[in-house]
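Notes for the one structure printed next.
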């Protein structure tokens, strides 16, 4: 399946629109850095200003490359799946709880604080064109995780040209399980 260039450009625009805040922050740091480098090199002849400007440009570039690019890719794939994705159901094959609990260094009343954080992972399989694909998704809410049992059918959406790119249809799942949509995140 070939996606027209105009559609790809539309997906790029939507993805950039969703990331406009972080994008503008990165560009602002780069612009401030350029001004400081210009002032430090050409007008004041001050190497300190030049180095500070270079630091601003480096931070802005790192911010754009590292944070905005990953968020951009995620939003681009979501838009692509939304437009060209197929709907089907997947069968839950495995459930696991990943423990990210930690003890903080801040003390209250002489005791270290223990924070419990869990991520609930569900693995599922689906078939497309007589080929079986496996994927997984995560939930933050324990009650949603417990409501989904093994062999439950999950509503998913995937790309026809790349079935490994799967999105769980969380709104439909919340309706099927009879739970609020906010608990299906």
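What follows is calculated from the coordinates using simple rules that are stated; it is not laboratory data. Remember, it's a predicted structure, so these values are computed and weren't measured experimentally. Glycine also receives a Cβ, built like all others from the backbone with ideal geometry; neighbour counts cover every protein chain displayed.
Roughly speaking, what is the centre-to-centre gap between the stretch 140-185 and the stretch 84-135 when only Cα atoms are used, to the nearest Å?
Comparing the Cα centres of the stretch 140-185 and the stretch 84-135, I get a distance of 12 Å.
Using alpha carbons only, how many degrees (0 to 90, rounded to 10) separate the axis of helix 20-38 from the longest principal axis of the chain?
It works out to around 20 degrees.
Rounding to the nearest 10 and keeping the result within 0 to 90°, find how far the Cα-based axis of helix 47-63 lies from the longest principal axis of the chain.
10
What is the distance, in nm, between label points placed 7 Å from the Cα along the Cα-to-Cβ direction at residue 160 and at residue 74?
2.8
Pick from 105, 45, 162: which residue has the top mean-square fluctuation in a GNM of the chain where Cα pairs under 10 Å get a spring?
Result: 105 has the largest fluctuation of those listed.
By how many degrees, between 0 and 90 and to the nearest 10, does the Cα long axis of helix 5-18 differ from the longest principal axis of the chain?
70
I need the Debye-formula profile for the stretch 119-185: one equal scatterer per C-alpha, no solvent, reported as log10 I(q)/I(0) at q = 0.18, 0.19, 0.26 1/Å, two decimals.
-0.67, -0.74, -1.23
Roughly what percent of Cα-Cα pairs across the stretch 1-97 reach past 22 Å?
54
What is the percent of Cα-Cα separations in the chain that go past 19 Å?
72
Hey, in the GNM for the chain with a 10 angstrom Cα cutoff, which one of 147, 121, 90 fluctuates hardest?
Taking springs between Cα atoms under 10 Å, the residue moving most is 147.
How would 16, 30 line up from fewest to most surrounding beta-carbon atoms within 10 angstrom?
16, 30
Would you order 98, 77 from fewest to most other beta-carbon atoms within 10 Å of each residue's own beta-carbon?
In increasing order of surrounding Cβ atoms, one gets 98, 77.
Determine, at each q value in 0.14 (inverse angstroms), the log₁₀ of I(q)/I(0) that the Debye formula gives when each Cα of the stretch 67-157 is one equal point scatterer.
Here the Debye-derived log intensity ratios amount to -0.72.
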